[in-house]
Structure formats: structure tokens, C-alpha cells
């Protein structure tokens, strides 16, 4: 199980760190590559064209502004590509979101929320889990833990409100 994370710039790393951390928590190997669709297109092409042969299951591509990287990546591979629009301009990442989500028919890119790196990692894990029962169990446990945390918070709020109503 391996996921490639391609970022258009080293400045994207702080946004993508939750994806790296989340993949590690699920026991999924990860390789991070900095490559630009515009400034280093040959590097992008070489890495992506060989990604399946290197054992990668999914590629997460993150970019801001014109955000062509996820689409370019998708054009070079049959692997699932997950795009993460990065908030890097005065448009608040909306430019990147629209660039990624508006892919032409035939070359799809799954698109996360602006700066949605953690969800990209979880979605990558879900894709891989469709053929890996152990990872599917880890994802189920992850969701159960989230639900328990929400219930615990709800109980605290209810207790606090009950206490205030007695005042």
C-alpha cells in the first residue's frame, strides 16, 4: 500500500502534512514529491508515468492558483488521482478548487475541499481498502472512534447546559 503525494511547491508542505500523518496512521506508505506542472513538467511526467510500476495505488496532487497539477497528473496515469486545492492566492483557493474540479470529461480527478489534505488521505485509504480487508477494519475503527468522540462531547455539552439551568 503506497500513496504518492505530489505538491506544486514546497510551500504546500504545511497544508499537506495532515495527509502524510493520516496515511502513516493507517499504515500506508507515502512518498512526497515536489514537482510543478508548469516549471518541471518532465519531472511530473516521469514520476507519474512510472507510479503504478513503483507500486503506488493512489496519487494525491496538491496545487494552488491555476492548479493544473492534479489534471496533468491524471492525464499521465490510470491510477486514481485526488486533487487538493491549496489556498495560495488572494482568491482564497477558489481559483484552485475550480481548476481542479472542472476537469474535462474522460480525465477525472476526485477533488477535496480547499486545503483538504486529511480528507484526501482518508479517501485514498478508502480506495485502497476496497481490496484490503485489514485496512477496511482500520477505517471502520477510525469511524467508530470519531463517533465515540462526538458522543462524549455531546454528553459534556448536555451536562454543562443542565448545570446552568439549575443555577
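The values are calculated or read from the model by the stated rules, or taken from the named source; none is laboratory data. Quantities reported herein were computed from a predicted structural model and do not represent experimental measurements. Don't worry about glycine lacking a Cβ; one is built from the backbone with ideal geometry, like all the others, and counts go over all protein chains shown.
Just to be sure before I move on: is residue 135 farther than 23 Å from residue 78 by Cα, modelled with pLDDT of 95 or more, touching a helix residue (DSSP H, G or I) at 6+ places or on another chain (Cβ under 7 Å) and assigned to a helix (DSSP H, G or I) in the structure I sent? No, not satisfied. Checking each residue in the stretch 1-42 for being touching a strand residue (DSSP E or B) at 6+ places or on another chain (Cβ under 8 Å), over 20 Å from residue 76 (Cα atoms) and surrounded by 16 or more Cβ atoms within 10 Å (Cβ to Cβ) picks out 1, 12, 15, 16, 19, 20, 23, 28. For the stretch 96-103, does any single residue satisfy the condition of being touching a helix residue (DSSP H, G or I) at 6+ places or on another chain (Cβ under 7 Å), in the same structural domain as residue 27 (by TED's automatic domain parsing) and on the phi < 0 side of the Ramachandran plot? Within the stretch 96-103, one or more residues are touching a helix residue (DSSP H, G or I) at 6+ places or on another chain (Cβ under 7 Å), in the same structural domain as residue 27 (by TED's automatic domain parsing) and on the phi < 0 side of the Ramachandran plot.
Which residues, counting only those in the stretch 105-120, are assigned to a loop (DSSP other than H, G, I, E, B) and in contact with a helix residue (DSSP H, G or I) (Cβ under 8 Å, 6 or more places away or on another chain)?
Residues satisfying the conditions are 107, 108, 109, 112, 113, 114, 115.
Do you know which of the residues in the stretch 45-92 that are free of Cβ contacts under 8 Å to residues at least 40 places away in the same chain, under 15 Å from residue 32 (Cα atoms) and buried (at least 24 other Cβ atoms within 10 Å of the Cβ) is nearest to the chain's Cα centre (by Cα)? Residue satisfying both the conditions and the ranking: 83.
Cβ separations smaller than 9 Å between residues 6+ apart or across chains give the following pairs from the stretch 93-115 residues that are farther than 22 Å from residue 76 by Cβ to residues that are modelled with pLDDT under 95 and not in a loop (DSSP other than H, G, I, E, B): 93/64; 95/64.
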